[in-house]
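Enquirer: The structure is given below, and queries will be raised subsequently.
The values are calculated or read from the model by the stated rules, or taken from the named source; none is laboratory data. Everything numeric here is computed off the predicted structure, so don't read it as measured data. Here the Cβ is made from the backbone with ideal geometry for all residues, glycine too, and neighbour counts use every protein chain on show. With ligands, DNA and RNA removed, areas are computed over all heavy atoms of the protein, side chains included. Shrake-Rupley method; radii C 1.70, N 1.55, O 1.52, S 1.80 Å.
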Amino acid sequence: GDISAWQLLVRLEAEYPLLAVNAQIQGMVILEATVDATGAVRDTRVLRSHSVLDEAAIDAVRQWRYEPLMLNATPMPFVLTVTVSFSLAGR
């Protein structure tokens, strides 16, 4: 069939938790995200945790929007892995 790849349309940066900033915590959170046929993130699951940063990463990724995967001109849900990095260098 005819397949068109998904594209990220809207990516909001995660808000750095104040507790993590004060404690000088940096790191990354890896999530599995399920995107529905409209391009909205419907579910997330933490694959690699950095406990203080997890909720901020999840909150941001749930606001991301995608152009959906198309199979024979029909939008399809898909699952992908997302990495959200937190660094104090740019603060």
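Enquirer: Going by the conditions given, is GLN63 open to solvent by 80 Å² or more (accessible area, probe 1.4 Å), closer than 17 Å to PHE86 by Cα and polar (S, T, N, Q)?
Expert: no
Enquirer: Identify all residues within segment 1-27 that are among the aliphatic types (A, V, I, L, M) and surrounded by 15 or more Cβ atoms within 10 Å (Cβ to Cβ); write none if there are none.
Expert: The answer is ALA14, ALA20, ILE25.
Enquirer: Could you tell me which residue of segment 28-51 is most open to solvent (accessible area, probe 1.4 Å), considering only residues that are among the β-branched types (Val, Ile, Thr) and touching a Pro at 6+ places or on another chain (Cβ under 9 Å)?
Expert: Looking at residues that are among the β-branched types (Val, Ile, Thr) and touching a Pro at 6+ places or on another chain (Cβ under 9 Å), I get THR38.
Enquirer: Moving on to the next point. Is one or more of the residues making up segment 57-75 outside any helix (DSSP H, G or I) and in contact with a helix residue (DSSP H, G or I) (Cβ under 9 Å, 6 or more places away or on another chain)?
Expert: No, the conditions are met nowhere in segment 57-75.
Enquirer: Being free of Cβ contacts under 8 Å to residues at least 40 places away in the same chain and part of a strand (DSSP E or B) is the filter; apply it to segment 3-45 and report the residue that is nearest to PRO68 (Cα to Cα).
Expert: Out of the qualifying residues, it is ALA40.
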